[in-house]
Amino acid sequence: MSAIYPVILCGGSGTRLWPASRSDQPKQFLKLVGDRSSFQETVLRVKDIPGVAEIVIVTGEAMVGFVAEQTAEIGVWVTILVEPEARDSAPAVAAAAAYVERQDPDGVVLMLAADHHIAQPEIFGAAALTAAKAAEQDLIVTFGVQPTVPSTGFGYIRPGEALLDGSVSKVAAFVEKPDQETAERYLLEGYLWNSGNFAFKASTLLGEFEAFEPTVAAAGRACVAALALEAGVGRLDREAFAQAKKISLDYAVMEHTTKAAVVPAAFAWSDLGAWDAIWEASVRDHDGNAQDGDVDLHGASNVLVRTTGPYVGVIGVSDIVVVVEPDAVLVCHRKDSQSVKTLVDGLKAKGRSIASRKSASPRGTETLVTTDGFDVELRRAPAGETFVLPISTVQVLEGVLEMDGDVYAAGAIIPLDIEVRARAIGAATLLVTKPR
């Protein structure tokens, strides 16, 4: 079997997940469901698939730091290809395919989005191997997820005739997001959700680009011809990349190709596209509530409450979303989660920078007192940050701190006789007294 090269696309800002997700802190790098970001979960999901040779991340310059930090956190080495500008998905995929073809002319690309949630990685791994095997036969294979509800938020795939050993089918049609009545009919007729993840031989996809969008193929190959990696990071040539037409992979190739196939996948999948999807994917209590950060709930049901800043108390409400950042608060009904984009568009129209950037908030370390015997520091940490505390006496002024499996709330005084790794649960403020 050919070697597999997972290519993870890390673009976009997740407008519907405002105020947590913004251009300067996109949703794929946020820990929205569990202790890892969807980007980290995607990397971990592919790293142990048999036959994986190299994991390739395609991202913009502003996100290189996130990628490097989060892959280091989970201990996985990756190659990072940096787009000089955003030109939709086709140029990025073409450049990645050209890179893989240079590495391995027979290499199979497993092209994945960085912001999807898959609950059963073992089922995904089996589907990926099936898709990769089919891709060796010059097919462009997409993952079609078995629908669980008649969702109007996803595109659908109509499977056609069975191919190979029946494990994949031809794609009879890609269809756009339907209305409710049509979605219910699609479920009865065996349609699949279009997950937007693919497997293909690099050479096969480049051949289709050459046939349908030759500027995209030429730009991808030109970028890679001039590419040099330094510490695993390669910056695609700006002039060459700019020659590619700005177009998505779906419009450039998938709407025209005769090589499209689909592998049905039984894993639970979400594109985490809005806050109702985050609630659906989260661990919930017996009242259906999902919470993260410094939160108390009383008499609430089926709510999602998340804070990275102030304490939040919620009493006697149902089916709502509350998201609190240090500079913004969102409250909406869960069924109105898709309308968050409209809110953000309105902020942008007013010229409000809060729509796309987080306001500067106090963080880091500030030295308050220095004497011959000790230093006193005020340390502020955002929710989820992991850091090392030195030999010192630590007082938790605000927030909640986790160290070595123990949890300390505001008011705790903790003597440390060795360095300790700590994690802020909710935004935390600490007073750290260090001997000199």
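The values are calculated or read from the model by the stated rules, or taken from the named source; none is laboratory data. It should be emphasised that the depicted structure is a prediction, and the values quoted were computed from it without experimental measurement. Counting neighbours? That spans all protein chains shown, and the Cβs are built from the backbone with ideal geometry, glycine included.
Give me the residue from the range 84-124 that is among the charged types (D, E, K, R) and in contact with a helix residue (DSSP H, G or I) (Cβ under 9 Å, 6 or more places away or on another chain) and, out of that set, nearest to Ala228 (Cα to Cα).
The initial filter retains those residues of the range 84-124 that are among the charged types (D, E, K, R), namely 85, 87-88, 101-102, 104, 106, 115, 122.
After this cut, where a residue has to be in contact with a helix residue (DSSP H, G or I) (Cβ under 9 Å, 6 or more places away or on another chain) as well, the list is 85, 87-88, 101-102, 104, 106, 115.
Working: Glu85: 18, Arg87: 21, Asp88: 23, Glu101: 15, Arg102: 12, Asp104: 17, Asp106: 21, Asp115: 28 Å.
That would be Arg102.
If you go through the range 390-403 and keep only what is hydrophobic (A, V, I, L, M, F, W, C) and within 22 Å of Arg36 (Cα to Cα), you end up with Val400, Leu401, Met403. Of all residues in the range 197-207, at least one satisfies being over 21 Å from Val145 (Cβ atoms), assigned by TED's automatic domain parsing to the domain that holds Leu139 and of a type in the set (Ser, Thr, Tyr). The condition (being assigned by TED's automatic domain parsing to the domain that holds Leu192, farther than 18 Å from Val253 by Cβ and of a type in the set (Ser, Thr, Tyr)) is satisfied by just one residue among Thr142, Thr148: Thr148. Among the residues making up the range 306-316, those that are closer than 16 Å to Asn289 by Cα and either buried (at least 16 other Cβ atoms within 10 Å of the Cβ) or touching an Asp or Glu at 6+ places or on another chain (Cβ under 7 Å) (or both) are Arg306, Thr307, Val312, Gly313, Val314. Tell me, yes or no, whether the range 50-64 has at least one residue that is under 11 Å from the mean Cα position of the chain (by Cα), outside any loop (DSSP other than H, G, I, E, B) and in contact (Cβ under 8 Å) with a residue 60 or more places away in the chain. No: the range 50-64 contains no residue that is under 11 Å from the mean Cα position of the chain (by Cα), outside any loop (DSSP other than H, G, I, E, B) and in contact (Cβ under 8 Å) with a residue 60 or more places away in the chain.
Val171 meets each of the listed conditions (1) in contact with a Pro (Cβ under 9 Å, 6 or more places away or on another chain); (2) modelled with pLDDT under 95; (3) within 22 Å of Val109 (Cα to Cα); (4) assigned to a helix (DSSP H, G or I) apart from (4).
Okay, residues lined up against (1) in a helix (DSSP H, G or I); (2) in contact with a Lys or Arg (Cβ under 7 Å, 6 or more places away or on another chain):
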residue	(1), (2)
Arg16	yes, yes
Leu44	yes, no
Trp77	no, no
Ile80	no, no
Arg87	no, yes
Val93	yes, no
Glu101	yes, no
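Looking at Ala252, Ala231, which is the one that is crowded, with 22+ Cβ neighbours inside 10 Å and within 27 Å of the chain's Cα centre (by Cα)? Give the steps one after another, and end with the answer.
On the way: Ala231 fails: crowded, with 22+ Cβ neighbours inside 10 Å.
Exactly one residue qualifies, and that residue is Ala252.
Kindly evaluate Glu69 against the criterion of being under 15 Å from the mean Cα position of the chain (by Cα), without any contact (Cβ under 8 Å) to a residue 40 or more places away in the chain and farther than 23 Å from Asp138 by Cβ. It is true that Glu69 is under 15 Å from the mean Cα position of the chain (by Cα), without any contact (Cβ under 8 Å) to a residue 40 or more places away in the chain and farther than 23 Å from Asp138 by Cβ. Take the conditions in contact with a helix residue (DSSP H, G or I) (Cβ under 7 Å, 6 or more places away or on another chain), modelled with pLDDT of 95 or more and surrounded by 12 or more Cβ atoms within 10 Å (Cβ to Cβ) and apply them to Leu347. Does it pass? No: the conditions fail for Leu347.
As a summary of the residue check, Thr367 satisfies the conditions (1) assigned to a loop (DSSP other than H, G, I, E, B); (2) more than 27 Å from Asp35 (Cβ to Cβ) except for the one numbered (1). The set of residues in the range 125-144 being within 21 Å of the chain's Cα centre (by Cα), of a type outside the set (S, T, N, Q) and buried (at least 22 other Cβ atoms within 10 Å of the Cβ) consists of Ala127, Ala128, Phe143, Gly144. Among the residues making up the range 299-320, a single one is part of a loop (DSSP other than H, G, I, E, B), polar (S, T, N, Q) and under 15 Å from Gly384 (Cα atoms): Thr308.
Check the range 365-380 and report whether any residue there is closer than 30 Å to Gly14 by Cβ and buried (at least 16 other Cβ atoms within 10 Å of the Cβ). Yes, because at least one residue in the range 365-380 is closer than 30 Å to Gly14 by Cβ and buried (at least 16 other Cβ atoms within 10 Å of the Cβ). Applying the set (1) over 24 Å from Glu73 (Cβ atoms); (2) surrounded by 13 or more Cβ atoms within 10 Å (Cβ to Cβ); (3) hydrophobic (A, V, I, L, M, F, W, C) to Ile413 leaves exactly one unmet item: (2).
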